[in-house]
Amino acid sequence: MDVTALVKDAVEKITGDADLTKAFKADPTATVKKVAGDKVPAEAIDKIVAGVKAKVSLDSASDALGAIKKLF
């Protein structure tokens, strides 16, 4: 099981769909389970959720910095 690939796949699906993004913010674990499906063992879900949260946070911070740079 490649957790990195699962995180990447989950990030692409969640950030590419506004409804999934909203669902992830409300209930990250359930959303990752929905996106990843039955192929992910229960013990890996927490690692994937943490990875997705980190990636989404980095992307949001990057977008915010990009918007700030445009002001100057």
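Quick check on the range 30-49: of everything there that is of a type in the set (D, E, K, R) and surrounded by 13 or more Cβ atoms within 10 Å (Cβ to Cβ), which residue is farthest from Val7 (Cα to Cα)?
Filtering the range 30-49 for residues that are of a type in the set (D, E, K, R) and surrounded by 13 or more Cβ atoms within 10 Å (Cβ to Cβ), the one farthest from Val7 (Cα to Cα) comes out as Lys34.
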> Is there any pair linking a residue in the range 1-26 that is part of a loop (DSSP other than H, G, I, E, B) to one that is not hydrophobic (A, V, I, L, M, F, W, C), with Cβ under 9 Å and at least six apart or on different chains, and which?
Replying inline: Met1/Lys39; Met1/Pro41
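Read-outs throughout are calculated quantities, based only on the coordinates presented, and are distinct from any laboratory measurement. All figures in this text were calculated on a predicted structure; none of them were measured in a lab. Here Cβ is always computed from backbone atoms with ideal geometry, including for glycine, and neighbour counts include all displayed protein chains.
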